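Notes follow once the structure below has been shown.
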Amino acid sequence: MDSLQRTDLFDLVIRGGKLVTATRTYHSDIGIRGEKIAAIGPDLEGARVVEARGLLILPGAIDPHVHLEMPVGETHSSDDWFTGTRAAACGGTTTVIDFVEPGLGEGLEHALAKRRERGQGRAAVDFGLHMTLVNDKAETLQEVPGLLEEGCTSFKTYLTYEGFRLSDSAFLHVLCVVKEAGGTLLVHAENDTIIAHLQRRFRAEKKTAPKYHALSRPPIAEAEAIQRSLALAEVTGARLYVVHISTALGADALHSARQRGVNASGETCPQYLLLTDKELSRPGFAGAKYVCSPPLRSLMDNERLWKGLADDDLQTVGTDHCPFNYKGQKDLGRDNYEKIPSGLPGIESRLSLLYQYGVRMGRLSLERWVEVCSTNPAKIFGLYPRKGSLEPGADADMVLFDPNKKVTLSRSLLHEQVDYTPYKGFELQGYPVMTFLRGKLIVKNGEFTGAAGDGKYLVRGCSG
Ligand SMILES: [Zn+2]
């Protein structure tokens, strides 16, 4: 073998698969050197070769919205940095973006460093962090530009929840500051006044069952707050990302704002595409397993969100993975829905659920599936083209996906650290069989082969 051929030898070649990106689907080999994709083309030779005939090869999926070991009331979400990211990897997700929630009076940079430290050494996939802003005090906002330099380029705000909620004027102020710094603002949009009013009424009427959680947060509470946040974003010209859109009305509001040229994008989640509020009326207390905020909606909402994903009214699918065990956590609210920790697991099954119910059911093209699960989150959160693409120079984050593999979702199949899955019994055709993180095989046929600490903190750029 001459020296020229030896230099053409890649560390790893994925051979004969069908590459799917946000723009096209085609057959090619992929050559990897170190942690990067080095070449795309035919007949590549590698020191190691993985045969991928019959498989789809996608850029690693990116989940822009997860909550690992998140404190909520007297408890915290049941997946920690390791178990949650291991589950993500098993489902084909190689990057997650979690949140920093600074303590009372704690500086933002300090809180970021602490949270980053916590993930480092534990995460099994790469991770970024959004910063939560709960006030518009000068000493808080003056830290915003410094955070962008540390790769924390997106900021989460809430229009509801005691202790988190921003007034309209504070929200507008934050929009201006984040825009000026070049960042992106995330908003949890629900009308706090409507929710507080309905909660008071149900309290007086002794209505405490899980279904009242959903009834206290009606579709209009979301739609009004989305509309209002879009109006404020429009006035400032700031870049807004509306998290977990659950309603047809919310999708409509985003659609018309984008038509007007507002710099806004939106996310929905598998639970808002695939589950309905009927789940909350399950016998006994089982409805608590489906309590999340915003709540599950109607079939009509599901269909509007699917259409919105296909038509680019909505740009991403995140999971809002925030799991709580049914026994020992969800049951804190047995006598009062207000005490049920709010959140669902879903970090592991997003990609395959979207394949089954999106691609296989004809709602999404293969390319759109990759775009909403990987490429758009990378673009919106400053990771593209290092993540979310299959191009030379990109991180070698890849999912080998078998479009014919059949699975039935169950708690025992999944790796999430929680005692149930809301997708129990869902029958899927199409499932990830290998996951690579920067060239390293971290999942093979459902078995995790990576390690805690494989994942690195990502210094993100600004939205592109
Ligand atoms: Zn969330």
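Each reported figure results from applying straightforward, stated rules to the coordinates on display, with no laboratory input. Note that the structure is a prediction, hence the values are computed from the model and not measured. Here Cβ is always computed from backbone atoms with ideal geometry, including for glycine, and neighbour counts include all displayed protein chains.
Using only helices, what value at 222 nm comes out for the chain when you add -39,500 (n - 2.57) per DSSP H run of length 4 or more and divide by the total residues, to the nearest 500 deg cm²/dmol?
Dividing the helical sum by the residues of the chain leaves -8000 deg cm²/dmol.
Tell me which residues come under 5 Å, amide H to amide H, from Leu12 once H is placed; ignore anything under 5 positions away on its chain.
Ile32, Ala47, Arg48
Need one number: nm distance between label points at Lys278 and Glu45, each 7 Å from Cα along Cα→Cβ, rounded to one decimal.
It works out to 6.0 nm between the two label points.
I'd like the Karplus ³J(HN,Hα) series for region 285-293: coefficients 6.51, -1.76, 1.60, θ = phi - 60°, whole numbers in Hz, and an x wherever there's a Gly or Pro.
Going residue by residue, I get 9, 4, x, 4, 4, 10, 7, 8, 10 Hz, with x marking Gly and Pro.
Within region 136-184, which trypsin sites (Lys or Arg not before Pro) sit in a loop by DSSP and count at most 11 neighbouring Cβ atoms inside 10 Å?
Hits after loop and neighbour filter: Lys137.
Could you tell me how far the Cα centroid of region 383-430 sits from the Cα centroid of region 289-347, in Å?
Going from one Cα centre to the other spans 19 Å.
Read phi for every residue in region 29-46 and hand back ³J(HN,Hα) as whole Hz from Karplus 6.51 cos²θ - 1.76 cosθ + 1.60, θ = phi - 60°, with x for Gly and Pro.
Calculated HN-Hα couplings, in order: 8, 10, x, 10, 10, x, 9, 10, 6, 9, 7, 10, x, x, 6, 7, 10, x Hz.
With the crude spin-label approximation of a point 7 Å out along Cα→Cβ, what separation in nm comes out for Glu367 versus Lys36?
The answer from the label model is 2.7 nm.
Jot down the per residue volume, in cubic angstrom and as a whole number, of the convex hull over the alpha-carbon atoms of region 61-380.
Cα-based convex hull of region 61-380, divided per residue, equals 123 Å³.
Treat the count of other C-beta atoms within 10 Å as a stand-in for reagent exposure and order Arg53, Arg122, Arg360 from fewest to most.
Fewest-to-most ranking of Arg53, Arg122, Arg360: Arg53, Arg360, Arg122.
Once Lys and Arg get +1 and Asp and Glu get -1 on their Cβ, which of Ala378, Leu280, His130 lies farthest toward the positive end of the dipole of the chain?
It is Leu280.
If the limit is 29 Å between Cα atoms, which of Lys289/Lys379; Lys137/Lys206; Lys206/Lys307; Lys156/Lys307; Lys36/Lys424; Lys327/Lys387 go over it?
Violating the 29 Å limit, Cα to Cα: Lys289/Lys379; Lys137/Lys206; Lys206/Lys307; Lys36/Lys424; Lys327/Lys387.
In Å, the Kirkwood hydrodynamic radius of region 290-427 over pairs of distinct alpha carbons?
16.9
Which value, in debye to the nearest 20, describes the size of the charge dipole of region 61-380 about its Cα centre when Lys and Arg Cβ atoms bear +1, Asp and Glu Cβ atoms bear -1, and nothing else is charged?
1020
Once you keep just the Cα pairs under 8 angstrom separated by 6 or more residues, what percentage relative contact order results for region 113-268?
It comes to 19 percent, rounded to a whole number.
On full extension of the chain, what length is gained from Lys405 through Thr25, given 0.36 nm per residue of separation minus the C-alpha to C-alpha distance?
This chain segment gains 134.8 nm when fully extended.
Out of residues 5 or more away from Ala394 or on other chains, whose amide H comes under 5 Å of its own, with H placed 1.01 Å from N in the peptide plane?
Ile37
Find the Cα radius of gyration of region 1-78, compare it with 2.2 N^0.38 Å by division, and give the number to two decimals.
After normalising by residue count via 2.2 N^0.38 Å, the value is 1.62.
Using the Karplus equation 6.51 cos²θ - 1.76 cosθ + 1.60 (θ = phi - 60°), what ³J(HN,Hα) coupling, rounded to whole Hz, does each residue of region 399-410 give in order, writing x for Gly and Pro?
10, 9, 10, 8, x, 10, 5, 9, 9, 10, 5, 7
Cross-link partners among lysines for Lys114, C-alpha distance below 16 Å, same-chain residues fewer than 8 apart left out?
Lys456
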